[in-house]
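J.: Structure incoming, see below.
The values are calculated or read from the model by the stated rules, or taken from the named source; none is laboratory data. If you're wondering where the values come from, they're calculated on a predicted model, not measured in any experiment. Glycine also receives a Cβ, built like all others from the backbone with ideal geometry; neighbour counts cover every protein chain displayed. Only protein heavy atoms, including side chains, enter the accessible area calculation; ligands, DNA and RNA are left aside. Shrake-Rupley method; radii C 1.70, N 1.55, O 1.52, S 1.80 Å.
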Amino acid sequence: KAIDEGDTPIMVERSARGLYTANLGNLKPGESAVIEIVYAQLLRFEQDQIRITLPTTVAPRYGDEHQTGGLAPHESVEASLLVEYPLTVKITMTGEMALADVQCPSHTVVSAHHEGASVVTLEQAAFLDRDFVLLLQGLQGKSFVTVAPDGEQFAVLASFCPQVPQDKPEPLLLKILVDCSGSMGGDSIASARRALHQVMQEMTELDWVSYSRFGSNVKHELPGLLPCNTATLKQVAELIEYTDANLGGTEMNAALISTFEHGVEKKWLKHFTQSEINHHAKDILLITDGDIWNVEEVIKRAKTSGHRIFAIGVGSAPSESLLRELAEQTGGACELVAPNQNATDAIVRMFRRMRSVRCTNVKLDWGQPSNWQSALPKAIYGGDTLHLCARLDSLPTAPPVLSWNVEDKPMQSTADQIQTQSGELLSRMVAAEQLAQLANGGSLKNQSSDKESRKLALTLALHYQLVTDQTNLLLIHIRDEGQKAEGLPTLDKVAHMQAA
């Protein structure tokens with residue numbers, strides 16, 4: 001309607017998981033437009049560091065972006081070698097964040113301190129062809145609780161950084177699955193090989209391993225899980241050297257399903273006790289850029305697989321939303337490794353999680369009944385932040401307590417005090433978490449059907465003004481009479497830069 005009346009509307013819509021499209025209508029010849037988008041996200045302290053990522057392009061993905069990816073006919077993520085978009089970055093960190101040691105594996109930056117803040121800027125020209133990655137190190141993990149008014153209720157964010165004992169490292173029955181599709185060419189496959197060599201450095205004689213590669217098809221290079229003796233380690237090292245991005249498309253779903261079933265044939269079961277089969281033979285280390293369109297089906301199958309997926313995302317623009325979802329929905333973890341980043345630290349952190357003891361009987365006490373709360377985590381890893389939200393009727397008087405058992409020994413984590421916040425930011429972030437849980441099959445009290453879930457999601461999105469698969473953001477610049485655009489505008493799909 002706005003386009004037809006000669007005005008200039010802007011619409012931001014959710015195109016797919018982790019992807020949004022900005023639509024701009026009626027830009028007249030010679031005009032320029034500036035669209036400013038403000039968003040907030042929660043940072044995570046993970047294994048001694050905080051990673052800040054600014055995505056700048058969508059790398060080419062395998063599959064049909066419209067049929068399986070969910071993009072509308074007019075939406076596109078085409079990349080072009082002929083376009084160049086400059087990037088400027090200025091990041092200001094305050095409080096304890098300003099004391100961090102700053103590393104930037106993706107770009108060359110300079111850091112300066114000014115009036116108690118640390119300011120990071122680019123040292124040389126850059127473009128929108130790779131994720132901007134900033135690593136903050138030298139900080140201590142802490143637990144925080146923040147409360148803000150939410151109408152007649154209160155929105156609460158509890159960020160726990162629990163400590164889990166690492167006295168007896170768990171042996172691994174590990175299935176390695178490496179993406180060798182065409183999209184992994186260049187930096188990505190080189191990063192994957194470096195990561196794989198480090199993986200084998202972390203294996204012990206108590207571990208068992210299988211090695212598989214996938215593209216259009218999956219190739220299980222070992223007949224099943226083999227003990228990590230000298231012969232096996234040598235064989236896998238040779239396989240890694242010949243691992244290349246030469247297997248065609250990225251049929252990740254079929255590869256994961258095949259790997260779920262691989263390595264536990266009857267002839268291998270005799271090597272394991274029933275306890276080992278139940279607790280340890282269900283880990284997959286997935287190394288990939290994650291650039292596929294068939295995201296929803298992959299996550300759906302992984303959730304019901306009974307496997308923990310530990311994902312290492314490599315390349316200039318990995319699909320972080322898919323890899324984190326795969327990890328979180330299966331009780332695993334995710335690490336991202338930029339092309340110029342040393343993979344050693346990421347692998348060490350991942351193995352620390354894999355070998356950590358299983359935490360059971362996880363509970364969260366808010367001090368009062370909650371109207372809604374986040375789903376409890378499938379796994380707790382020491383030194384990794386857990387963000388959990390709730391909506392309460394009254395202002396909490398004491399910080400919530402997260403409790404769990406380690407081999408029947410009770411443990412808990414809580415914050416020292418409650419911080420209060422004004423404004424609507426926290427309540428909107430809590431609502432966004434609730435919407436994400438509804439989209440992933442979560443439920444509320446008296447919540448049973450998909451139809452009811454979608455109705456509730458729509459009500460939440462409208463009330464808190466959030467972008468979902470049912471709601472878009474709309475802004476209309478109403479032109480003065482005499483300045484109206486005439487005729488139908490020409491559709492122009494803006495190409496992305498090719499990922500480096």
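J.: Across segment 181-198, what is the number of residues that are surrounded by fewer than 22 Cβ atoms within 10 Å (Cβ to Cβ), out of contact with any Pro (no Cβ under 7 Å at 6 or more places or on another chain) and assigned to a helix (DSSP H, G or I)?
T.: 6
J.: Do we have Gln412 as in contact with a Phe, Trp or Tyr (Cβ under 8 Å, 6 or more places away or on another chain) and either in a loop (DSSP other than H, G, I, E, B) or surrounded by 12 or more Cβ atoms within 10 Å (Cβ to Cβ) (or both) here?
T.: When the stated conditions are applied, Gln412 passes them.
J.: Another one. Consider Thr94 carefully, then state whether it is within 29 Å of Leu426 (Cβ to Cβ) and in contact (Cβ under 8 Å) with a residue 60 or more places away in the chain.
T.: So Thr94 fails the test.
J.: Given the condition hydrophobic (A, V, I, L, M, F, W, C), open to solvent by less than 30 Å² (accessible area, probe 1.4 Å) and over 19 Å from the mean Cα position of the chain (by Cα), answer yes or no: does some residue in segment 74-88 qualify?
T.: Yes - at least one qualifying residue is present in segment 74-88.
J.: When residues of segment 1-17 are filtered for being touching a Lys or Arg at 6+ places or on another chain (Cβ under 8 Å), of a type in the set (D, E, K, R) and either free of Cβ contacts under 8 Å to residues at least 40 places away in the same chain or open to solvent by less than 70 Å² (accessible area, probe 1.4 Å) (or both), how many remain?
T.: Qualifying residue count for the region: 1.
J.: Of everything in segment 356-376 that's surrounded by fewer than 19 Cβ atoms within 10 Å (Cβ to Cβ) and of a type in the set (A, V, I, L, M), which residue is farthest from Glu433 (Cα to Cα)?
T.: Restricting to residues being surrounded by fewer than 19 Cβ atoms within 10 Å (Cβ to Cβ) and of a type in the set (A, V, I, L, M), the top hit is Val357.
J.: With segment 256-353 as the region, which helices (runs of 4 or more DSSP H) entirely inside it contain at least 1 residues that are at pLDDT 90 or above and farther than 30 Å from Phe127 by Cα?
T.: Once the helices (runs of 4 or more DSSP H) in segment 256-353 are filtered for at least 1 residues that are at pLDDT 90 or above and farther than 30 Å from Phe127 by Cα, what remains is 295-303, 320-330.
J.: Among the residues of segment 208-218, what is the count of those that are more than 25 Å from Pro339 (Cβ to Cβ) and surrounded by fewer than 20 Cβ atoms within 10 Å (Cβ to Cβ)?
T.: Here the count works out to 1.
J.: Could you tell me which numbered condition Leu71 fails, if it satisfies all but one of (1) buried (at least 18 other Cβ atoms within 10 Å of the Cβ); (2) in contact with a helix residue (DSSP H, G or I) (Cβ under 9 Å, 6 or more places away or on another chain)?
T.: (2)
J.: Name every residue in segment 93-125 that is farther than 14 Å from Leu54 by Cα, in contact with a strand residue (DSSP E or B) (Cβ under 8 Å, 6 or more places away or on another chain) and not aliphatic (A, V, I, L, M), in order of residue number.
T.: Residues satisfying the conditions are Thr94, Asp101, Gln103, Thr108, Ser111, His113, Ser118, Glu123.
J.: Sort through Val430, Val467, Val401 and tell me the only one that's of a type in the set (A, V, I, L, M, F, W, C), open to solvent by less than 80 Å² (accessible area, probe 1.4 Å) and under 26 Å from Glu297 (Cβ atoms).
T.: Just one listed residue meets the conditions, Val467.
J.: Assess whether Leu226 counts as being open to solvent by less than 10 Å² (accessible area, probe 1.4 Å) and in contact with a helix residue (DSSP H, G or I) (Cβ under 9 Å, 6 or more places away or on another chain).
T.: Values: open to solvent by less than 10 Å² (accessible area, probe 1.4 Å): no; in contact with a helix residue (DSSP H, G or I) (Cβ under 9 Å, 6 or more places away or on another chain): yes.
When the stated conditions are applied, Leu226 does not pass them.
J.: Within segment 89-140, how many residues turn out to be part of a loop (DSSP other than H, G, I, E, B), crowded, with 17+ Cβ neighbours inside 10 Å and hydroxyl-bearing (Ser, Thr, Tyr)?
T.: 1
J.: Can Leu196 be described as touching a residue at least 24 places away in the same chain (Cβ under 8 Å) and within 22 Å of the chain's Cα centre (by Cα)?
T.: On the way: touching a residue at least 24 places away in the same chain (Cβ under 8 Å): yes; within 22 Å of the chain's Cα centre (by Cα): yes.
Answer is yes for this residue.
J.: I've got another one for you. When you scan segment 358-390, how many residues do you find that are among the hydrophobic types (A, V, I, L, M, F, W, C) and closer than 19 Å to Ala311 by Cα? Show your work before the answer.
T.: At the first step, the residues of segment 358-390 found to be among the hydrophobic types (A, V, I, L, M, F, W, C) are 359, 362, 364, 366, 372, 375-376, 379-380, 386, 388-390.
Imposing the further condition that a residue be closer than 19 Å to Ala311 by Cα reduces the set to 379-380, 386.
Qualifying residue count for the region: 3.
J.: Filter segment 311-321 down to residues that are within 10 Å of Asp289 (Cα to Cα) and within 8 Å of the chain's Cα centre (by Cα) and give me whichever is surrounded by the fewest Cβ atoms within 10 Å (Cβ to Cβ).
T.: Ranking the qualifying residues of segment 311-321, first place goes to Glu320.
J.: Against the definition (of a type in the set (Ser, Thr, Tyr), more than 26 Å from the chain's Cα centre (by Cα) and surrounded by fewer than 19 Cβ atoms within 10 Å (Cβ to Cβ)), how does Thr420 come out, yes or no?
T.: yes
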